[in-house]
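The values are calculated or read from the model by the stated rules, or taken from the named source; none is laboratory data. It should be emphasised that the depicted structure is a prediction, and the values quoted were computed from it without experimental measurement. With ideal geometry, Cβ positions are generated from the backbone for all residues, glycine too; neighbour counts draw on all protein chains shown. Remember, those area values only see protein heavy atoms, side chains included, never the ligands or the DNA or RNA. Shrake-Rupley method; radii C 1.70, N 1.55, O 1.52, S 1.80 Å.
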Amino acid sequence: MHDFKFRKNELFCENVKVRSIAQKVGTPFYCYSYKTFIDHFQKIQKAFKEVNPTVCFAVKSNSNLAVLKALADKGAGFDIVSGGELKKVLKIKADPQKIAYASVGKTDNEITTALKAGILFFNVESLPELKRIDLIAQKMKKKAPVALRINPDVEAPTHKAITTGTLKNKFGIDLKTAREILTHQEKYPFIKFKGIHIHIGSQITKIDPFVSAIQKMIKFLETLKNLGVTLEYFDVGGGIGIMYYDTPTPTAEEFAKEMVPLLKKTGMKIVLEPGRFISGNSGILVSKVLYLKDNGAKKFLIVDAGMNDLIRPALYNSYHNIVPVKKSSAKRSTMDIVGPICESGDFFAKDRKFPELKNGDLIAIMSAGAYGHVMSSNYNVRPRVPEILVKGKQWEVVRKRETFEDLIKKESIPKFLK
Ligand SMILES: *Cc1c(COP(=O)(O)O)cnc(C)c1O
C-alpha cells in the first residue's frame, strides 16, 4: 500500500526514521516516499497495459518539482490545469506530447504558451473556449490540438465539492453541443480535433460510475462514427479513489478489469489522468504536539500544523488516519486533534480515540500526499511548511520552509501612509 511503516515502534518512511527528519528540519513538514509514488504510477500502467495508456499524472494533486521529475523519469505524462503547472512540467523537461491541459477558464496567455510548447491537446470545456483557441491558433498560424471535455451527466458517489460529471457542474460540454461541434469541424479551421475527454470527479471508490460514463461515451462515439466522424484519443480522466483508513477500495486491477474491455472496444488511444491514486498515500504531514487541553466537556490535542497546511478535513470533512510517530503507551481517550488557527474548522480529527500525548511528541497525518501542500496557504501569517522526499536511505528537502521575509516581501506601505 505505502512505504510508511513502523519498525520497533518508530515510524519510518522507506529506510529513514521520520523523527530524525523532524530533528533536522523542525515541524511541521510534508514527507514523501519516492517508492510509493513510483509504485502507484506503475500499478496503473500495469493494470491498464492491454490498452497501452498514456498515464498523465494530475499535477494539481502534488506539484513539487522533485515529484514531477521522479514520475517523468519513469515515463509519466502530465494532466495540467493552469499556465503555472505548464511551466512547472516544462521546467522538468516533460515530453510535451504527454501533456493534456484541462480547465474551464484558460486565458489567452495560457493558451498561447501551451500552443508554443506543442502539448498533446487542450481539453476544451466550452464552445466559447473552442472559438477563442481557434482564433489564437489562427494568429499564431498553427493548428491547435483539441479533445472535447464531455460532461457525461453521470452522478459519482463522492463529496459534492469534488463531483464534476453532472450538468449541475461547471465542467465539460454537453453531448448535444459536442455533437454539433464535431460534425461541423470546418467551422473551426485552426483546430485539430484529436479526441474526447471525461473526468467525472475525485475520490471515487466505486467502479460503476466509470463504467457508465465510458459506456455513454462509447454510444456517443458510435453516433459520431455514423455521422462520419472518427477521433484518435479517448482521455478517461482521473478520479480513482484511495483508502484513507481501513475501508478497502478497489485496486487498480479491479478498476481495469471492468474498464479495459470497454476501452479496447473503442480501438482508440487511451489517456488516463490519475492524481490522488498516485500521490495520496505517498505523503504524510508530520506535526508536533503543543498541548493537551481538557475543558471539562471535551479533550483537544493541539498540534503545530493547521488547516492552512492541510485543508482537506475543513474543506471536505475528510478522514485522515493519524498516528503517533513513536508508538505510545499513554492512556487513550476520545479527543479532537486540532491546529492553532482561529477557526473552528481548523481540525484534523474529531472525536478520535488517541493516546494522550504530551508537548513535543510527534504525530503523522497519513495519506496527505494529494491535495495537501498544493492547497496550503499563509493564513494567519503562517509560513508554508517544507516538503521532504525520501528514497531508500536518502532524503532531501525538496521545498524549503518559508521564512517571515518570504511572507512579506511582496507587501509595501503606500506613500500616502508614510
Ligand atoms: C483533478 C483532475 C484529475 C485528477 O483527479 P484525482 O481525483 O486526483 O485522480 C484528473 N483530470 C482532471 C481534468 C482533473 O481536474
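Please provide three numbers in whole Å: the alpha-carbon extents of the chain along the principal axes, with the largest listed first.
Here the spans come out as 70, 62, 43 Å, largest first.
Going by a ≥ b ≥ c, the root eigenvalues of the Cα gyration tensor, does the range 81-180 fall in the rounded group (a/c under 1.5), the prolate group (a/b larger than b/c) or the oblate group?
It comes out oblate by the Cα gyration axes.
For the range 300-418, what does the accessible surface come to per residue with a 1.4 Å probe? Please give it in Å². Mind showing how you got there, number by number?
Values: 6320 Å² over 119 residues.
On a per-residue basis, 53 Å².
Output the Cα-based Rg and Dmax of the range 1-53 in Å, rounding Rg to one decimal and Dmax to a whole number.
Cα-based Rg and Dmax for the range 1-53 come out at 15.0, 46 Å.
In a shell of Cβ-Cβ distance under 11 Å around SER82, excluding SER82 itself, what net charge do Lys and Arg (+1) and Asp and Glu (-1) give?
Net of charged neighbours comes to +2.
I need the peptides 214-221, 71-78, 98-105, 29-36 ranked by packing, meaning the mean over residues of other C-beta atoms within 10 angstrom, with the highest value on top.
29-36, 98-105, 71-78, 214-221
Counting alpha carbon pairs within less than 8 Å and at least 6 residues apart, what relative contact order, in whole percent, applies to the range 261-369?
37
With the other protein chains left in place, how much accessible area per residue, in square angstrom, belongs to the range 95-274 at a 1.4 angstrom probe?
Numbers: 8210 Å² over 180 residues.
Per-residue accessible area for the range 95-274 comes out at 46 Å².
Under the rule a/c < 1.5 gives rounded, and otherwise a/b versus b/c splits prolate from oblate, where does the range 353-418 land using the Cα gyration tensor?
Because a/c hits 1.5 or more and a/b exceeds b/c, the range 353-418 counts as prolate.
What relative contact order, as a whole-number percentage, does the chain give when Cα pairs under 8 Å and 6 or more residues apart are counted? Intermediate values should be presented prior to the final figure.
Working: 903 pairs, mean separation 81.3, N = 418.
Reported relative contact order: 19 percent.
Can you sort THR107, THR164 by solvent-accessible area, 1.4 Å probe, largest first?
My answer, sorted largest first, is THR107, THR164.
Determine the dipole magnitude for the chain: charges of +1 sit on the beta-carbon of Lys and Arg, -1 on that of Asp and Glu, nothing else is charged, the reference point is the Cα centre, and the result goes in debye to the nearest 20.
820
If all Cα-Cα distances of the range 298-418 are sorted into 10 Å bins from 0 onward, what percent lands in each bin, rounded to whole numbers?
Using 10 Å bins, I get a P(r) of 11, 37, 32, 14, 5, 1 for the range 298-418.
With all protein chains present, how much of the accessible area of the chain (probe radius 1.4 Å) comes from carbon and sulfur, to the nearest whole percent?
Carbon and sulfur atoms account for 52 percent of the accessible area of the chain.
Report the far tail of the P(r) of the range 95-274, meaning the percent of Cα-Cα pairs longer than 26 Å. Let's see the in-between values first.
Numbers: 4770 of 16110 pairs.
Roughly 30 percent, once rounded to a whole number.
Using only alpha carbon pairs under 8 Å that are at least six residues apart, calculate the relative contact order of the range 23-156 and give it in whole percent.
About 17 percent, as a whole number.
With θ set to phi - 60°, apply the Karplus curve 6.51 cos²θ - 1.76 cosθ + 1.60 along the range 343-351 and write out the HN-Hα couplings as whole Hz, x wherever there is a Gly or Pro.
Along the range 343-351, the couplings run 8, 5, x, 7, 9, 10, 8, 10, 6 Hz.
Quick check: net charge around LYS46, other residues with Cβ under 14 Å of its Cβ, Lys/Arg +1 and Asp/Glu -1?
0
For ARG384, what accessible area in Å² do you get when you roll a 1.4 Å probe over the heavy atoms of the protein chains, rounding to the nearest 10?
Approximately 60 Å² for this residue.
If R₀ is 56 angstrom, what is the calculated FRET efficiency for the pair GLU222 and ASP108, using the beta carbon separation as r and rounding to 0.05?
0.95
Expressed as a fraction of 2.2 N^0.38 Å, the rule-of-thumb size for a compact globular protein of N residues, what is the C-alpha radius of gyration of the range 127-215?
Normalised Cα radius of gyration, the range 127-215: 1.23.
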